[in-house]
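Just so it is clear, none of the values below were taken in a lab; they were calculated from the coordinates. Here the structure is a predicted model, which is why all the values come from computation and not from measurement. Positions of Cβ are generated from backbone atoms using ideal geometry, with glycine treated the same way; all protein chains shown enter the neighbour counts.
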Amino acid sequence: ENRVKFNVYCSAGTYIRTLCHDIGQEFGCGAHMSHLVRSEVGLFDLESSVTLEALKEASENRVLEDVLFSVEKVLSFLPELRIKDEFVKPIANGSALPKSAFKVLPREFKPGMSLRVSNGNDAILAIVEPLVNQDQFEKMDSSAIAFKLKRVLVN
């Protein structure tokens with residue numbers, strides 16, 4: 001058979017079918033993809049994956065926490081913002097938070113990024129998107145809103 005198997009380490013947005021086609025063009029023989037296995041995405045890999053059967057069994061036995069990742073682990077790749085304790089309830093209610101709510105910020109952030117919001121207990125409360133970069137944030141009034149809520153994760 002005229003088949004080639006190869007591994008690709010790539011960033012989000014890479015078109016593997018196009019890559020196969022381009023390789024075929026380069027060799028002058030044409031090529032297409034017949035099989036694809038995504039072996040790793042972020043923190044997740046095939047070795048840590050769980051079959052649907054195992055997931056169903058864990059659910060039936062009420063031990064899902066043994067096979068599921070925590071929200072904290074799943075979102076650990078996102079830069080972290082820490083808020084003051086008095087702002088936990090407002091963010092749980094979906095309120096936008098003023099600049100004064102934040103006590104720890106990542107070194108760099110900019111519009112378009114996703115950031116995780118936590119409190120002093122390391123619980124992830126929400127995911128936000130910056131409306132400004134860190135330099136603009138520093139110049140803002142303490143009552144100004146600098147982050148847009150994308151998802152609230154607590155109730």
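Mind jotting down the distance between the C-alpha centroids of region 1-48 and region 132-155, whole Å? Their Cα centres are 39 Å away from one another. Considering helices alone, the calculated mean residue ellipticity of the chain at 222 nm is -6000 deg cm²/dmol, with DSSP H runs of length four and up weighted by -39500 (n - 2.57) and normalised per residue. Whole-Hz Karplus values for region 94-100 come out as x, 6, 5, 9, x, 3, 5 Hz, taken residue by residue from phi with 6.51 cos²θ - 1.76 cosθ + 1.60 and θ = phi - 60°; glycine and proline positions read x.
Expressed as a whole percent, the proportion of Cα-Cα pairs in region 71-152 lying more than 22 Å apart is 13%. For LEU81, neighbours were defined as the other residues whose beta-carbon sits under 13 Å from its Cβ, and their charges (Lys and Arg +1, Asp and Glu -1) total +4. Phi angles of region 51-63 translate, via the Karplus equation with coefficients 6.51, -1.76, 1.60 and θ = phi - 60°, into HN-Hα couplings of 6, 4, 5, 5, 5, 4, 4, 4, 5, 4, 8, 6, 10 Hz per residue; Gly and Pro are given as x.
Taking amide H as placed 1.01 Å from N in the peptide plane, GLU40 has no amide H partner under 5 Å among residues 5 or more places away or on another chain.
Exposure proxy for PHE27, PHE109, PHE137: other Cβ atoms within 10 Å of each Cβ, ordered fewest to most, give PHE27, PHE137, PHE109.
From most to least packed by mean Cβ count within 10 Å, the peptides 14-20, 3-9, 93-99, 112-118 give 112-118, 93-99, 14-20, 3-9.
Expressed as cubic angstrom per residue, what is the convex hull volume of the alpha carbon set of region 16-66? Don't skip to the answer; put the middle values down first.
Values: hull volume 5.0 nm³, N = 51.
Once divided by residue count, the hull of region 16-66 is 97 Å³.
Panel values: region 1-146, Kirkwood radius from alpha carbon pairs, Stokes-Einstein at 4 °C and 1.567 mPa s, translational diffusion coefficient 67 µm²/s.
Among VAL104, VAL50, VAL132, the largest mean-square fluctuation in a Gaussian network model of the chain (Cα springs under 10 Å) belongs to VAL50. Applying the Karplus relation 6.51 cos²θ - 1.76 cosθ + 1.60 with θ = phi - 60° to region 5-11 yields 3J(HN,Hα) values of 10, 8, 9, 10, 9, 9, 8 Hz, where x marks Gly and Pro.
How much length would be gained if the chain were fully extended between ASN155 and VAL74, taking 0.36 nm per residue of separation minus their Cα-Cα distance, in nm to one decimal? If you can, show how the numbers build up before the last one.
Details: separation 81, 0.36 × 81 = 29.16 nm, distance 1.89 nm.
This chain segment gains 27.3 nm when fully extended.
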